[in-house]
Amino acid sequence: MSIVLEHVNHIYESGTAMEFPALTDINLVIPDGQFIGLIGHTGSGKSTLVQHLNGLLKPTGGKIYYNGSDINADGYNKKELRSKVGLVFQYPEHQLFEIDVFTDVCFGPRNLGLDKKEVELRAYAALKQVGLSDEYFYQSPFDLSGGQKRRVAIAGVLAMKPEVLILDEPTAGLDPKGRDEILDQIAKLREETGMTVILVSHSMEDVAKYVDRIIVMNKSRVLYDDEPKKVFSHYKELEAVGLAAPQITYIMQALKEKGLPVDTEITSVAEARTAILNALADKSRSR
Amino acid sequence: MIRDITLGQYYQTDSVIHRLDPRVKLVTTLAFIISLFIVDNAAGYIIAGLFLAVVIKLSNVPVKFMMRGMKSIAFLLVIAVVFNLFLTQGEVVFSIWKLQITKEGIRLAIMMAVRLVFLIMGSSVMTLTTTPNNLTDGLEKILNPLKAIKVPVHEISMMMSIALRFIPILLEETDKIMKAQIARGADFESGNLLKKVKSMVPLLVPLFISAFRRANDLATAMEARCYRGGEHRTKMKPLIYSKRDFMAYGTVCVYLALCVGIGRMLF
């Protein structure tokens, strides 16, 4: 039960002057239940990659397998695939169209051909999962705030009960508070349901706290694919491709350079605090 | 799917045709279209075809890219050919059941097909080699005399350039929204006409909202820059004819003369 990509290539506008390779020889295995951060600069191919995972784009070369079957083979049920691999696009609130929030969330499950009761149950559960309270259910989605709209849009995909949830820059254009709320909600959701989550972002800071694995993309290729602290240890190389490690990595590196023996693989502020205090205590003791 | 529409698209490259003044290209296109309706014999069409071929060759736009745009008019082309082929009276060459193919019909059908293909290709050469901004600049300059009779030429060309600028943006937006709804299980392809029309709602509502939002943003941005059209505005890149442009005008005159001379007299 997983997604496997084998030598996947994608070239846009092949054969014209605008020819542009978006993906070059991508090989990945995405096992069940993993929380993955997909990081890359604008134009690195990360959005193109996720659109391959639910069959919206066809690779120009290579194969993609979902639970062992080739998703681009003739006769493969793409509609079912799309209900299993839920994709939330960038600025998902731009896809809202129904007269009220609840009906909009019903759109996805209704397309799956479920009966009315099941559709409504799922919509209700999904809206609860994203933490939207009942008072908004029968309001027009266009009257909500930006953060609330985004929750509704995410619920619209969750209501299809996907096994894999992919979120393309879910925090784009939100203020720091809205960003943290959405990310916390996603982390909580993943804990409750155990689904695979792929979080696409250009900010290491956003994902460092949550994910088990980071895939870094640069110029259509996978640059690093490892656990967060291993990836951050390449912070100089990351800078060279226009990305950056979390600020805490820089502080720890700087402290080490100045002679404080701290662990530089730390990724969260809380851990760093303990590490620095311990290091300071050790130092004063040995003096 | 949406990327296949090449009509009205600009093809970025460098060529003699790209560097011509947009006014020359507008006039040439108009002259070419007129010439297609002047000529009525094979020799005339050969001249028009040669002229078009030379221009396409000079423009550095791959023929393959141009042909992609022809796909969208293939249906129209087939209808025009079939109707002319079967519904023209005259000397019968061939008949199946009640349908008759006449000598005149074949001649008309071929002429219609060639005309239509040349027409579309001729005008796409213009749009492929001229940026929309350049094109509307040229149009504004050509229509300038109409200001004397109170035609708001600047406003019209401004509206045109905004509209043209928004075509690729809205196409991209359509593509994005379509994908987002397909990811939510929407189906835009199967079903009968009524179902298909209904399935457009999840696409059209967000598209209209986004168009209004963009229009509103643009209006605000223009006002913030104190934009007011018409009088006293100067251009950053004023259009000035160069030697190359006069040569092009000359060539077009010779071409037109040839069309009238050979295309109508001989047979």
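Here the Karplus curve 6.51 cos²θ - 1.76 cosθ + 1.60, taken at θ = phi - 60°, turns the phi angles of region A:143-160 into couplings of 8, 7, 6, x, x, 5, 4, 5, 4, 4, 5, 5, 4, x, 7, 4, 5, 7 Hz, with x standing for Gly and Pro. In this label model, A:Ser14 and B:Val63 are separated by 2.3 nm, measuring between points 7 Å along each Cα→Cβ vector. Among all the lysines, which ones have a C-alpha under 17 Å from A:Lys177's C-alpha, if same-chain residues fewer than 8 places away are not counted? Partners within reach: A:Lys149, A:Lys188, A:Lys209. Out of B:Met158, B:Gly90, B:Leu50, whose Cα points farthest toward the positive end of the dipole of chain B (charges: +1 Lys, Arg; -1 Asp, Glu; placed on Cβ)? Of the candidates, B:Met158 comes out farthest on the positive side. With unit charges on the beta carbon (Lys/Arg positive, Asp/Glu negative), name the residue among B:Leu36, A:Thr60, A:Gly113 whose Cα is farthest towards the positive pole of the charge dipole of the protein assembly as shown. Of B:Leu36, A:Thr60, A:Gly113, it is B:Leu36. Our estimate of slack between B:Arg165 and B:Ile262, defined as 0.36 nm per intervening residue step minus the Cα-Cα distance, is 30.8 nm.
For the pair A:Lys258 and A:Tyr210, a Förster radius of 30 Å applied to the C-beta separation gives a FRET efficiency near 0.50, rounded to the nearest 0.05. Across chain A, the longest piece that holds none of the chymotrypsin sites (Phe, Trp or Tyr not before Pro) lying in DSSP loops with up to 15 other C-beta atoms within 10 Å covers A:139-287. The share of alpha-carbon pairs in region A:246-287 lying farther apart than 16 Å comes to 28%. Taking the Cα centre of the protein assembly as shown as origin and assigning +1 to Lys and Arg Cβ atoms and -1 to Asp and Glu Cβ atoms, the resulting dipole is close to 1620 debye. Spin-label pair B:Leu50-B:Leu218: with each label point 7 Å from Cα along the Cα-Cβ axis, the two points sit 4.4 nm from one another. Around the Cα centre of region B:47-109, unit charges on the Cβ atoms of Lys, Arg, Asp and Glu (plus for the first two, minus for the last two) sum to a dipole of about 280 debye. Computed about the Cα centre, the dipole magnitude for region A:69-127 is approximately 140 debye when only Lys and Arg (+1) and Asp and Glu (-1) carry charge, each at its Cβ. Placing dummy labels 7 Å off each Cα toward the beta-carbon, the span from A:Ser69 to B:Tyr249 is 6.8 nm. Extension gain for the segment B:Thr131 to B:Leu77, taken as residue separation times 0.36 nm less the Cα-Cα distance, is 16.7 nm to one decimal.
Ordering A:Ser286, A:Thr267, A:Gln247 by Cα displacement along the dipole of region A:246-287 toward the positive end leaves A:Ser286 in first place; charges were set at the Cβ atoms of Lys, Arg (+1) and Asp, Glu (-1).
Just so you know, all these numbers are worked out from the coordinates, no wet-lab data involved. This structure is a prediction, so every number in the text was calculated from the model and none was measured. For neighbour counting, all protein chains shown are included, and Cβ atoms are generated from backbone atoms with ideal geometry for every residue, glycine included.
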